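In what follows, a single structure is set out as structure tokens and then discussed.
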Amino acid sequence: MTVATSELEGGFSNPVFEAQTVFKALMDAMARPGSVQSFAAPARPPAPLTATAAAIALTITDHDTPVWLDPELAKGDAVRTWLGFQTGAPFVAEPELAAFALISDPVRMPALGVFAQGTAEYPDRSATLILQVDALDGGDRLTLEGPGIEHKAAIAPSPMPADFLAQWRENGAAYPLGVDLVLAAPDEIVCLPRTTRISANSEV
């Protein structure tokens, strides 16, 4: 299959500077769960991959990090070809084999426990899931507690899996195993490391 050059464009124009900007936002968001970190996503990926999720993928994936795409992103060849060209990352067919997962449809995503959980010897060999969300407000309000949060934090991302809270409790119970999440909204992110405790607003 011949791929037009235009279909491979839209990556970082200044890779070092732009990757550093996105990486700093990710590190700040992971250190302070629930905090919203903003940046102008410097990427123009093919749909349905969003610019924010693409910028994260360009920053943290490479030829050593297997990537899983959800069915919508894997449909056709556009996203796979673009990401492969931009990052060199290999793609895997099964979510449990991925170091990073890109998810365009959080409502229909596989259960968190399906993804790589790490091992007792290497808990860091778990997956990081990048969920494309429409917004970080407007959904069900979630209250966050735990390391990196002084008292409590609150977010209301949309859309999310209907049984997200139950899945997250199971994820936390497996600590130090378990997955970490990055919620990627337009030009802003929130990170949810596995150490974060999440409850519905009505439970607080």
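The values are calculated or read from the model by the stated rules, or taken from the named source; none is laboratory data. In this text the structure is predicted, and so the values were computed from the model without any measurement. Cβ sites come from the backbone with ideal geometry, for glycine too, and all protein chains shown count toward neighbours. Side chains are part of the model used for accessible areas, which takes the heavy atoms of the whole protein and leaves out ligands, DNA and RNA. Shrake-Rupley method; radii C 1.70, N 1.55, O 1.52, S 1.80 Å.
Please give the FRET efficiency for residue 166 paired with residue 65, using the beta carbon to beta carbon distance and R0 = 35 Å, rounded to the nearest 0.05. Efficiency computed from Cβ-Cβ geometry: 0.75. Near residue 173: Cβ cut-off under 14 Å, other residues only, Lys/Arg at +1 and Asp/Glu at -1. The net charge is +2. Each residue of region 142-149 was assigned a 3J(HN,Hα) from its phi angle through the Karplus expression (A = 6.51, B = -1.76, C = 1.60, θ = phi - 60°), giving 10, 9, 10, 9, x, x, x, 10 Hz with x at Gly and Pro. Based on C-alpha pairs under 8 angstrom that are at least 6 apart in sequence, the chain has a relative contact order of 23 percent. Remark: the residue 20-residue 141 segment gains 40.5 nm on full extension, using 0.36 nm per residue and subtracting the alpha carbon distance. Considering only protein heavy atoms and a probe of 1.4 Å, how much of the accessible area of the chain is carbon and sulfur, as a whole percent? With neighbouring chains kept in place, the figure for the chain is 53 percent.
Counting only protein heavy atoms and using a 1.4 Å probe, the accessible area of residue 121 comes to about 140 Å². For residue 63, the solvent-accessible surface computed with a 1.4 Å probe is close to 130 Å², ligands and nucleic acids excluded. Give me Rg over Rh for the chain, both radii from the alpha carbons and Rh done the Kirkwood way, two decimal places. Ratio value, two decimals: 0.95. Amide H to amide H distances under 5 Å link residue 41 with 187, where only residues 5 or more positions off or on other chains count and H is placed in the peptide plane.
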